[in-house]
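Working notes for the structure below.
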Amino acid sequence: MELLPAFSLQRPETAEEAARLLSGEAQARVLAGGTGLVANLRLGLAAPELLVSLERLAGMRDIGDEDGAVRFGAGVTLARLAADAKIAARFPALAQAAAAVAGPAHRSAATLGGNLCLDTRCVYYNQGESWRAANGYCLKYRGEICHVAPQGKRCHAAYSGDLAPALMVLGAEAQIAGPAGARRTPLADLYREDGARHLTLGRGEFLLALRVPVPAPGSRSGYRKSRARGAIDFPLAGVAAAVRMEGDKVRELRLALTGTNSCPLLLAGAGELAGQPLDAALLERVAKLVQRQASPQRTTVVSANYRRQVAAALAKRLVSELALKR
């Protein structure tokens, strides 16, 4: 890795000031825990002249109840999410996803907002400057073609954040601040299927908090991931599920993926399985839903088909575990 490029660091006291700073400089970047951004800067994947730290903004590290929901400030650390017994009881998928991120040192610095806004990854992109230069760079940064799909017109780098699918199945809503003030949107709408521009945030906008509804009684959720090594690595495929049973039948089911597409994906059609008994046929339909909507490409050292099959297997296993949990 190279030395960090020169930059100015600002620590605004209000959301309005932060939005003004971010909108005033086209290449400005938000600095939270820095576990992803700093590594990318040292690889030469960006050279912003301005970094805007949000650490002094009120409420960024707060967690509190709010009208049938829980509000999580975007600056809450992953270590806190993973260790809080109350969060684990209310939102198991969120706690499990936070605990699955990288290693303990990373989680002590990494934040909720940083993980949700994690840059997409690709074996052709997350390399040193000399390696990328020798390959003519890529469509995501400084190049003109996507080496994964040279005939295509978009970047296929994969989104690999762990928390997004967990929060999606929990019905989370993103609270976004920007030059025009604050707005709310379903978390799924924060993303689009484009590896080079996977966030829908406008210029000057940033993630302020997440609002997560308290699950209905009897709801169960969980998160599972596959990775090349048992620790530290990003997911080759990750699956989150939320299940509510009524006797031996599925009353509610939500599924979401990460690591396979250029954005985290809330699976369409999962709700149509409601009312069906939990049996081998239903689990096979779950697997087919995943296989049809997961779209892994050659963005890692592991084959795309392997990642698709792993995602389907994880989904079947997780749904079965949650549905049979007592």
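Values in this text are rule-based calculations from the coordinates and carry no lab data. For clarity, every value in this text was computed on a predicted model and none was experimentally measured. Every residue, glycine as well, gets a Cβ built from its backbone with ideal geometry; the counts of neighbours run over all protein chains shown.
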Check your understanding: So for the stretch 230-326, what are the equivalent ellipsoid semi-axes in whole Å, largest first, each being the square root of 5 times an eigenvalue of the Cα gyration tensor?
Key -> 25, 13, 11
**Study point:** Expected 222 nm ellipticity per residue - DSSP helices of 4 or more, -39500 (n - 2.57), all of the chain, to 500
**Key:** -8000 deg cm²/dmol
Point to revise | Tail beyond 16 Å, pair distance distribution of the stretch 221-286 (Cα, percent) | key: 53 percent
Check your understanding: If you take the beta carbon distance between Lys249 and His106 as r and set R0 to 35 Å, what does 1/(1 + (r/R0)^6) give as a FRET efficiency, to the nearest 0.05?
Key -> 0.30
**Study point:** Span per principal axis, largest first, for the Cα atoms of the stretch 193-262 (Å)
**Key:** 47, 33, 21
Exercise for review: Express in % the proportion of alpha carbon pairs of the stretch 44-147 at distances exceeding 20 Å.
Suggested key: 54 percent
Study note, to complete from the structure: Here the alpha-carbon Rg of the stretch 21-75 over 2.2 N^0.38 Å rounds to 1.43
Exercise for review: Using only the alpha carbons, work out the radius of gyration and Dmax of the stretch 252-295 in angstrom.
Suggested key: 10.8, 33
Study note, to complete from the structure: If the chain between Glu129 and Ala281 were fully extended at 0.36 nm per residue, the gain over the current Cα-Cα distance would be 49.8 nm
**Study point:** For the stretch 46-70 versus the stretch 95-132, the gap between their alpha-carbon centres in whole angstrom
**Key:** 18 Å
Check your understanding: In square nanometres, what is the average projected area of the Cα convex hull of the stretch 141-201?
Key -> 5.5 nm²
Review point. How large is the Kirkwood hydrodynamic radius of the chain, in angstrom, based on all distinct alpha carbon pairs?
Key: 20.2 Å
Check your understanding: Over the stretch 1-97, with a single point scatterer placed on each C-alpha, what log10 of the ratio I(q)/I(0) does the Debye formula yield at q = 0.18, 0.21 1/Å?
Key -> -0.91, -1.04
Review point. Quick one: if the Förster radius is 30 Å, what FRET efficiency do Val301 and Glu55 give, using the C-beta to C-beta distance and rounding to 0.05?
Key: 0.25
**Study point:** Full-stretch length increase - Ala39, Ala196 - with 0.36 nm per residue and alpha-carbon distance subtracted
**Key:** 54.8 nm
Point to revise | Cα coordinate range in the stretch 59-114, projected on the principal axes (Å, largest first) | key: 34, 23, 14
Point to revise | Hydrodynamic radius (Kirkwood) for the stretch 132-260, which is based on Cα pairs only, to one decimal in Å | key: 17.1 Å
Exercise for review: Jot down the radius of gyration and Dmax of the stretch 89-202, Cα atoms only, both in angstrom.
Suggested key: 16.4, 50
Study note, to complete from the structure: Relative contact order of the stretch 167-209 (C-alpha contacts under 8 Å, at least 6 apart) in percent is 43 percent
Review point. Considering every Cα-Cα pair within the stretch 269-315, what fraction, in whole percent, is farther apart than 17 Å?
Key: 38 percent
Revision key, fill the gap. By the mean-Cβ-within-10 Å protection proxy, highest first, 228-235, 117-124 rank as 117-124, 228-235
Review point. So, how do all the Cα-to-Cα distances of the stretch 103-162 break down into 10 Å bins, in percent, from 0 on up?
Key: 22, 40, 27, 11, 0
